[in-house]
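Comments concern the structure below.
The values are calculated or read from the model by the stated rules, or taken from the named source; none is laboratory data. Just so it is clear, the model here is predicted, and its values are computed rather than measured. Because the Cβ atoms are built from the backbone with ideal geometry, glycine has one as well, and the counts that use them run over all protein chains shown. SASA here: full protein model, heavy atoms, side chains in, ligands and nucleic acids out. Shrake-Rupley method; radii C 1.70, N 1.55, O 1.52, S 1.80 Å.
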Amino acid sequence: MSVAEPTFAREGALLDALCTHCGLPVPAGELQANAHAFCCSGCRTAYAVLHESGLEHYYDLSERRLLAVQPTGRAFEEFDHAAFQQLWVRTRADGQAETELYLEGVHCASCVWLVERTPLAVPGVASAELDMGRSLVHITWDASRTKLSAIARFLDTLGYRPHPFRGVRAEQVRRREDRDALVRIGVAGAIAANVMLAAIALYSGFLSGMEGQYQHYFRWVSMLITAPALIWPGRVFFRSALASLRARALHMDVPIAIALAAGFTRGAINTFAGQGPIYFDGVATLVFLLLVGRFLQARAQRAATDSAELLHALSPATARLIEGDVVREIPAEALLPGMDIEVRSGDSIAGDGVVLRGESAIDRSLLTGESRPERVSAGAQVYAGTVNRGATLAIRVQQSGETTRVGQILREVEAGAARRAPVVRAADRLAGVFVGVVLVLAVITYAVWARRAPAHALDNAIALLVVTCPCALALATPLAVTVAIGRAARRGVLVKGGDALEALSRGGTLVLDKTGTLTEGRVSLVEWEGGEAVKAAVLAIELHSPHPLAAGFAAAWPGVEPAQARDARTVTGSGLCGVVDGREVIVGAPAYVLAHAHDRHGIGARAHGRALTPVLVAIDGEVVARAAFGDAIRSDAAATLALLRACGWNLRILSGDTLEVVQDVGARLGFLVSECTGGASPEAKLAEIERLAARGPVVMVGDGVNDAAAIARATVGVGVKGGAEACISAADVFLSTPGLRPLAELVQGSERAMRVIRIGIATSIAYNLVGAVLAVTGVINPLIAAIMMPVSSLTVVLIAWRGRTFEGTSR
């Protein structure tokens with residue numbers, strides 16, 4: 001029967017025309033003679049649009065959305081506004097525009113088919129790719145040929161109301177969809193209750209006797225009441241099962257759909273025959289319990305994955321909007337370019353912009369890794385996520401939300417989180433095999449019980465199909481990975497994908513850059529040999545020099561009060577000299593100082609033999625102190641490297657610094673000479689990583705500037721704080737907290753995440769085995785199986801949610 005022609009459905013004694021587009025009953029007032037029947041004007045418009053666009057094959061699909069089309073009729077002109085375009089539309093290298101829209105009403109595979117054929121209906125659209133799980137469509141179009149508002153109107157005409165993809169708006173729509181799910185649960189519950197009343201009457205008749213005509217009446221009433229439970233609330237299971245079969249993959253809803261269909265079909269046959277069990281009470285109650293379990297499971301899963309909202313974790317939820325003389329709070333998502341906001345001391349900035357009024361200091365460590373606040377004043381550029389550490393500022397917003405610098409960085413992290421780890425793919429394959437085994441076992445169970453106790457054969461087979469639904473098995477791995485990534489992000493460890501966690505949990509070769517990774521990445525006083533009184537004299541002289549070593553002295557002794565110096569002068573390339581408290585003081589290179597002073601205590605001899613910059617201090621012609629400057633090793637480096645070695649990692653240093661310096665740092669951190677490589681260019685680093693990767697998994701840790709190619713080539717690339725924007729695009733993981741300790745916590749957190757996954761999989765398999773045994777042996781019936789099935793999924797969700805993956809990380 002072609003859907004393009006008016007069809008009719010019998011309910012009691014009434015004949016109702018079905019909508020040509022959506023298949024729902026057509027109100028009498030909408031019927032027109034010799035015309036297609038439509039339940040509403042929205043479906044009539046959608047039907048016309050599909051035929052005008054050459055998309056009439058939509059009606060040949062075996063599965064379509066059984067919902068009336070309800071377009072809003074909006075023009076969506078705001079989608080063409082410059083502020084909207086700047087916020088939500090990106091221009092690609094080929095000149096085409098692209099954006100992502102959240103669509104309401106996406107339900108099934110036919111929705112994907114229809115939305116992805118937008119290019120055939122709207123000239124100028126290059127592609128439309130729909131992620132059904134997230135109801136997110138990625139659209140690419142030629143802005144010179146069509147407007148985004150025209151695309152939005154087309155989608156709206158088909159019943160898919162578009163929204164700009166922003167977290168708050170999408171969440172509001174999802175809450176509305178949750179309400180729809182509750183309505184389905186309510187309808188299924190009401191149907192189940194009414195069917196149970198009819199069942200009670202039948203059971204009472206079996207005990208006390210009931211006339212045949214009344215038995216037939218209650219059996220038919222039960223069937224007619226149960227049928228809507230499968231047609232509307234329960235269709236989600238059949239829709240999912242059919243989609244998986246068309247994709248030639250056994251989905252977890254396949255056994256459930258078979259169980260529901262088998263129970264209803266057998267009951268209908270017995271109803272027509274007038275004898276045998278009818279199962280309708282069990283089928284209706286099963287639909288209700290399965291919908292309740294699925295709703296609770298989805299809510300728990302959503303609560304667990306909320307921790308992965310990276311952008312909201314790093315930027316404020318509200319902003320103070322300046323409107324004339326009034327300042328009021330608004331959601332950060334409502335910010336648009338051109339708005340003026342007030343940022344008080346201690347506040348995070350809600351959007352990228354330029355300072356209008358005020359002077360303050362901004363902590364930009366989130367983006368640049370620089371721990372010292374930077375002074376800003378009117379005209380200075382500021383960025384979302386950075387923190388105001390001084391006075392109040394007035395800022396004009398230029399970018400907000402996902403278009404800010406931090407939003408674009410974290411967009412890559414969120415996109416990478418969808419990368420499926422090998423363990424996730426393995427779990428999916430296992431779930432598919434498991435479904436096939438369950439289907440075979442269900443047939444065997446029915447056949448065996450049909451010979452021993454025919455009255456229980458179908459019940460036991462249905463119970464097996466329901467209780468062994470591999471929902472828990474399919475959830476265990478991806479949910480644990482998602483939760484781990486979210487919690488790592490909140491602790492300052494940004495992981496782009498689950499594959500990185502899995503690789504980090506296995507061990508292998510871990511290669512570290514030296515400068516900025518093992519060391520602080522700045523000149524500092526590493527060694528000092530001399531009295532406390534000498535320090536004041538040194539500072540007095542160094543205050544007159546702009547040299548980095550002078551800054552190193554000042555940073556090393558913040559509590560020392562400089563003495564008064566006079567006649568201080570700089571000797572180019574050698575050092576400084578002057579008079580402090582009437583005594584001649586010389587500070588400089590050993591050759592210069594020893595040429596003007598005696599070294600009776602051999603202090604100068606100890607200034608050589610290390611990969612450091614030596615400095616001698618002489619007072620009144622006598623060498624009295626020695627200093628050594630270098631790139632100081634991070635305070636937590638030794639302990640962290642020892643922990644990584646204990647975890648089974650083979651450690652190496654790969655640096656562009658001189659071999660002498662690299663080996664010196666390596667020796668102090670327990671590296672062998674063969675494990676230290678110096679003087680490596682970016683090309684040489686890449687070649688070394690490729691050589692190591694050919695032998696097994698390799699992790700590269702660096703600052704992401706000259707290490708970018710090596711980081712990208714490694715099995716897992718890790719960028720450390722200090723070069724955020726440079727390394728985040730190349731690295732699989734970015735450590736936004738200083739020091740090496742987060743690296744150890746990353747490895748330990750990855751190991752714990754894999755442990756949580758193994759526990760979840762083991763729990764799921766154990767539950768399914770126990771449930772299968774109980775069903776096959778007839779211990780449980782379909783109703784008990786329907787209660788047990790969501791319990792297993794909720795258990796796995798709780799295991800992932802409560803698992804201690806990155807809980808021990810401290811910022």
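Equivalent ellipsoid semi-axes for the range 735-775, as square roots of 5 times the alpha carbon gyration tensor eigenvalues: give them largest first, rounded to whole Å.
Equivalent-ellipsoid dimensions as semi-axes: 38, 6, 4 Å.
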Diagonalise the Cα gyration tensor of the range 617-689 and give the resulting equivalent ellipsoid semi-axes, square root of 5 times each eigenvalue, largest first, whole Å.
31, 18, 9
Spin-label pair LEU336/ALA555, simplified geometry with 7 Å Cα→Cβ offset, distance in nm:
4.6 nm
Area of PHE218 that stays accessible when all protein chains are in place (1.4 Å probe, Å², to 10)
50 Å²
Using θ = phi - 60° and the Karplus curve 6.51 cos²θ - 1.76 cosθ + 1.60, what whole-Hz ³J(HN,Hα) does each residue of the range 216-231 get, with Gly and Pro shown as x?
4, 4, 5, 5, 5, 4, 4, 5, 5, 6, 6, 3, x, 5, 7, 6
A 1.4 Å probe over the protein heavy atoms gives the range 593-711 a carbon and sulfur accessible-area percentage of 56 percent
Give me, ordered by chain and number, the residues 5 or more places off LEU510 or on other chains with an amide H under 5 Å from its own placed amide H.
ASN650, LEU651, ARG652, VAL699
Which value in nm describes the separation of the simple spin-label points at LEU197 and ARG375, placed 7 Å from the Cα toward the beta carbon?
8.1 nm
